[in-house]
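Structure, as structure tokens:
The values are calculated or read from the model by the stated rules, or taken from the named source; none is laboratory data. All of these numbers come straight from a predicted model, not from anything done at the bench. Because the Cβ atoms are built from the backbone with ideal geometry, glycine has one as well, and the counts that use them run over all protein chains shown. Just so you know, the surface numbers come from the protein's heavy atoms only, side chains and all, with ligands and any DNA or RNA stripped out. Shrake-Rupley method; radii C 1.70, N 1.55, O 1.52, S 1.80 Å.
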Amino acid sequence: MNKIYIYNGDFVSLLSLIHYLISNNIRPYNIQNNEYFPNLLEEIILVNLDNNEEVIKKIISIIGREIFKTLYYVFLSADEKKEIIIFYFILNGFKYRKSVIYRRDLKCVCETLKISEYVKHEIHKFKGFLRFKELENKVLYAEIEPINDVLFFLSSHFSKRLKNEYWIIKDVKRGILSIYNKKKFIIINEDDFLISTDKLSNEEEQIQELWKLFYKIIGISARKNDRCRINFMPKRYWKYILEVSDER
Amino acid sequence: MNVKEKLSILADAAKYDASCSSSGSNRNSNSYGIGNACSFGICHSFSSDGRCISLLKILMTNSCIYDCKYCLNRKSNNIKRAIFTPEEICEVTINFYRRNYIEGLFLSSGIVRSPDYTMELMIRTISMLRNKYHFGGYIHAKAIPGASKKLLKDLGNLVDRLSANIELPTENSLKLLAPNKNQSEVSEIMHYVKDNQSRKYVPAGQSTQMIIGASKESDLDIMQKSENMYSNYKLKRVFYSAYIPVNKDSLLPSLEKPPLVRENRLYQADWLIRYYNFKVNDLLSEDNPFFNILIDPKADYALRHLDEFPKEINKCSYYDLLKVPGIGVVTAKRIISSRRNFNIKFDDLKRMGVVIKRAKYFITCDGKYFIGNEFFKKDFIVSNLVLEDKLYETKNVEQLSLFSE
Ligand code: SF4
């Protein structure tokens, strides 16, 4: 039977499990979170572990803070193999220490770098493509549907940029909200916080019109280039981008 | 006139300026303010022409006392004129910014009454935005040639980036097409900004723009002008803007389409000069003053210098790696850091980001050719590269990104 090791779904418990596996010289067939349904050839294994901070400190001291952050980006990705990639990365990290990041001859290193770049790239795109609208009570509200779990990093970006506003960002796909109260943001389940988002502020419509007008005018017709536009701004983002949402 | 009408006139009049990047500055607002600037530029949208939109790009006014032949706003054109009040500009900027439509403001202007008077109006607007609205986002302003040093100083203290457009590569063309302007007024601005630039004064540095194809200069003339400006004034960017005929004038060329491929070649070459250690003389010469329209400047260089190739991936220097078509700055750095740790094989290259179908003609790994030795011939490579570029175009892959710095 193929052994599947199960962790809680959060980063710390994944790292604790990986640390346990490495210390006991176990090579798992796969690692999955606790929502995983095994197939007939797979055996689920639950290990009871305390999530302890020492494990994290130890990993950071070996691979360094930068690379640790890279692993966190991988953890936020929607990639199905991310856990086992992180496992092999840390395994090699214990061997090569900080220089593991240069070992592009190892598959797990290439994958780690590729996936983390992809997640960072998506975060960067959303810093630009996210659109707030102003609700009746002056709260700014935005919806996103990202592939990866970018809400935390996006929120930390907007908590600096719009620090004196109340805002809410909803990840429609994952059903989670980030709520900011001019001091800090928290990320919660959408069921835990009810908001009505259909009543807009008085000015909202007028400002949206102004922006759409600007968008239309700023394109130079003699240079029209739709291919290029779609390359940089793929259609899957358009639903939530005000100025192109009705062009879809 | 309401704000909507003004915006439609004054955004339309501003759109031909190519500079739109918002990078290079780290700024924060005060505790009750709004906004910050990221050193990595953020694109908020892409217009129908495929260009990045990151700033609210508008003119303060499209009235102008000058009569530049190529410009829509020239005095002799009979068009509708408008002027924004400082409050209107501030309100629109803040409202757009709060909704995350934009990274900030790009303010330019036609010249009303005098250069000084125009700059004063711009300063009043931007200072209102910074001090009354506490805006900490990105601001790019055009400096008006001929305005006083004092005003240049005040404006530079408020903005992230300043630019003065050189417009045309030579004084002669400028005299012909923009009779009210002269290069020395523009260079004076550039000099002043260079001498005073700091974390407080124009922190994101200065840029300029040249119009391509409205006058007779060759690519060599244009690139030499750029190279000079980069070294003399520490410019962050030179923008190249394919000339778009908006006016009829006997002094202007009549073009069917703006010279977009030429513009793209200039950007590619500019990139090579800023990041790849190329010199203009490597790319162009008196005998060869125009870029090859079929092949990008780097591949063109490689093909004219085949004797310098192939480069050995596991041994050659960083700058040699940069000369290989299909290897960019990031990839070259990866190769260097990797090969300190292990011996690179062909299979590793693709995962490192090397564009194999371009690079394969120009490299060896441990002395081995990627392609058969007998194919290391100019004609063979040229026809393959051109063919691949054609496929590349039709297959719709990202073109050189002009906004990422
Ligand atoms: S100075 Fe020349 S380019 Fe500028 S707005 Fe006036 S006419 Fe146009």
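With respect to the conditions (1) over 27 Å from B:Ile244 (Cα atoms); (2) outside any helix (DSSP H, G or I), B:Asp282 lacks only one, and its number is (2). Please indicate, with yes or no, whether at least one residue in the range B:113-132 is outside any helix (DSSP H, G or I), in contact (Cβ under 8 Å) with a residue 24 or more places away in the chain and of a type in the set (Val, Ile, Thr). No, the conditions are met nowhere in the range B:113-132.
Is it fair to say A:Ser196 is in a helix (DSSP H, G or I), surrounded by fewer than 21 Cβ atoms within 10 Å (Cβ to Cβ) and of a type in the set (Ser, Thr, Tyr)? No: the conditions fail for A:Ser196. Looking at the range B:97-119, is at least one residue within 16 Å of the ligand (Cβ to nearest atom), charged (D, E, K, R), more than 25 Å from the chain's Cα centre (by Cα) and on the phi > 0 side of the Ramachandran plot? Yes, some residue in the range B:97-119 is within 16 Å of the ligand (Cβ to nearest atom), charged (D, E, K, R), more than 25 Å from the chain's Cα centre (by Cα) and on the phi > 0 side of the Ramachandran plot. Say whether the condition of being acidic (Asp, Glu), at the interface with another protein chain (Cβ under 10 Å from one of its Cβ atoms) and either open to solvent by 80 Å² or more (accessible area, probe 1.4 Å) or in a loop (DSSP other than H, G, I, E, B) (or both) is met by at least one residue in the range A:218-228. No, there is no match, as no residue in the range A:218-228 is acidic (Asp, Glu), at the interface with another protein chain (Cβ under 10 Å from one of its Cβ atoms) and either open to solvent by 80 Å² or more (accessible area, probe 1.4 Å) or in a loop (DSSP other than H, G, I, E, B) (or both).
Flag: B:Thr85 does not match the condition of being under 29 Å from A:Asn164 (Cα atoms), open to solvent by less than 30 Å² (accessible area, probe 1.4 Å) and hydroxyl-bearing (Ser, Thr, Tyr). When the range B:133-143 is filtered for residues that are in a loop (DSSP other than H, G, I, E, B) and surrounded by 24 or more Cβ atoms within 10 Å (Cβ to Cβ), the ones remaining, listed by number, are B:Gly137, B:Ala143. Residues in the range A:27-54 that are of a type in the set (A, V, I, L, M, F, W, C), open to solvent by less than 40 Å² (accessible area, probe 1.4 Å) and over 20 Å from A:Leu76 (Cα atoms): A:Ile45, A:Val47. For the range B:60-69, residues that are assigned to a loop (DSSP other than H, G, I, E, B), more than 6 Å from the ligand (Cβ to nearest atom) and open to solvent by less than 30 Å² (accessible area, probe 1.4 Å) total 2.
Taking the criterion of being within 29 Å of A:Asn164 (Cβ to Cβ) and surrounded by fewer than 18 Cβ atoms within 10 Å (Cβ to Cβ), the residues of the range B:4-54 that qualify are B:Lys4, B:Asn26, B:Asn28, B:Asn30, B:Ser31, B:Tyr32, B:Gly33, B:Ser39, B:Phe40. Tell me whether the range B:328-340 contains one or more residues that are surrounded by 16 or more Cβ atoms within 10 Å (Cβ to Cβ) and in contact (Cβ under 8 Å) with a residue 40 or more places away in the chain. Looking through the range B:328-340, none of the residues is surrounded by 16 or more Cβ atoms within 10 Å (Cβ to Cβ) and in contact (Cβ under 8 Å) with a residue 40 or more places away in the chain. Evaluated against (1) more than 19 Å from the chain's Cα centre (by Cα); (2) among the small types (Gly, Ala, Ser); (3) away from the ligand (no atom under 11 Å from the Cβ), B:Ser54 falls short on exactly one condition, (1). Quick one: in the range A:115-164, which of the residues that are among the polar types (S, T, N, Q) and more than 10 Å from chain B (Cβ to nearest Cβ) is surrounded by the fewest Cβ atoms within 10 Å (Cβ to Cβ)? Here the answer is A:Asn137. A single member of B:Leu56, B:Leu10, B:Leu105 is among the aliphatic types (A, V, I, L, M), facing another protein chain (nearest Cβ under 8 Å) and not in a loop (DSSP other than H, G, I, E, B), and it is B:Leu56.
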